[in-house]
Amino acid sequence: MLAGGLIALGVIVPGLSPSNLLLYLGLFNPMLNGFKRADLGVFIPIAIGGILTMAFFSKIMSFLYQRFFSKVSHFILGIVVASTVLIVLPPIADYSGFDFLAIIISIVLFILGIVLGKWMSNLENKYK
């Protein structure tokens, strides 16, 4: 159902690539193998997930795009870039050595990302 939901989000949200997310989550190959075998145990949950996602999120995404186009577009770009990096460079996603220093660095980079995003948003508003 998650794979169907992600595929439906790829239809609803322009620019979002569900294949990247499916690859990172390890759902892409099992889904393709199920399609190749014409397995209804794969088709039906994917269809249910896709239909539910389309029903619940299409109006929400329309509203968000009308109200917050820039923020939603930047959010989608961030998801696409992050998922692509995690697919291309999987050793970076290994958290086995995640210690206190890594937590501090993550918090600092998170705060810097928020500050940079706010600065860019203010810059965009200034030059509209």
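What the table shows:
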read-out: Neighbourhood charge, 15 Å Cβ-Cβ cut-off, centred on ILE46 and excluding it, Lys, Arg +1 and Asp, Glu -1; value: +1
read-out: Size descriptor, Kirkwood hydrodynamic radius, that averages inverse alpha-carbon separations across the stretch 1-59, Å; value: 11.4 Å
read-out: Degrees between helix 69-88 axis and first principal axis of the chain (Cα, 0 to 90, nearest 10); value: 70 degrees
read-out: Shape parameters for the chain, alpha-carbon atoms, Rg then Dmax in Å; value: 18.0, 55
read-out: Among 16-23, 46-53, 70-77, 3-10, the order from most to least packed when residues are scored by Cβ within 10 Å on average; value: 3-10, 16-23, 46-53, 70-77
read-out: Surrounding net charge for ASN125, when Lys and Arg each add one and Asp and Glu each subtract one, Cβ distance under 12 Å; value: +3
read-out: Principal-axis tilt of helix 2-12 within the chain, Cα atoms, nearest 10 degrees; value: 60 degrees
read-out: Magnitude of the charge dipole, the chain, Cβ model with Lys/Arg +1 and Asp/Glu -1, debye to 20; value: 520 debye
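Each reported figure results from applying straightforward, stated rules to the coordinates on display, with no laboratory input. Computed from a predicted structure; not experimentally measured. Don't worry about glycine lacking a Cβ; one is built from the backbone with ideal geometry, like all the others, and counts go over all protein chains shown.
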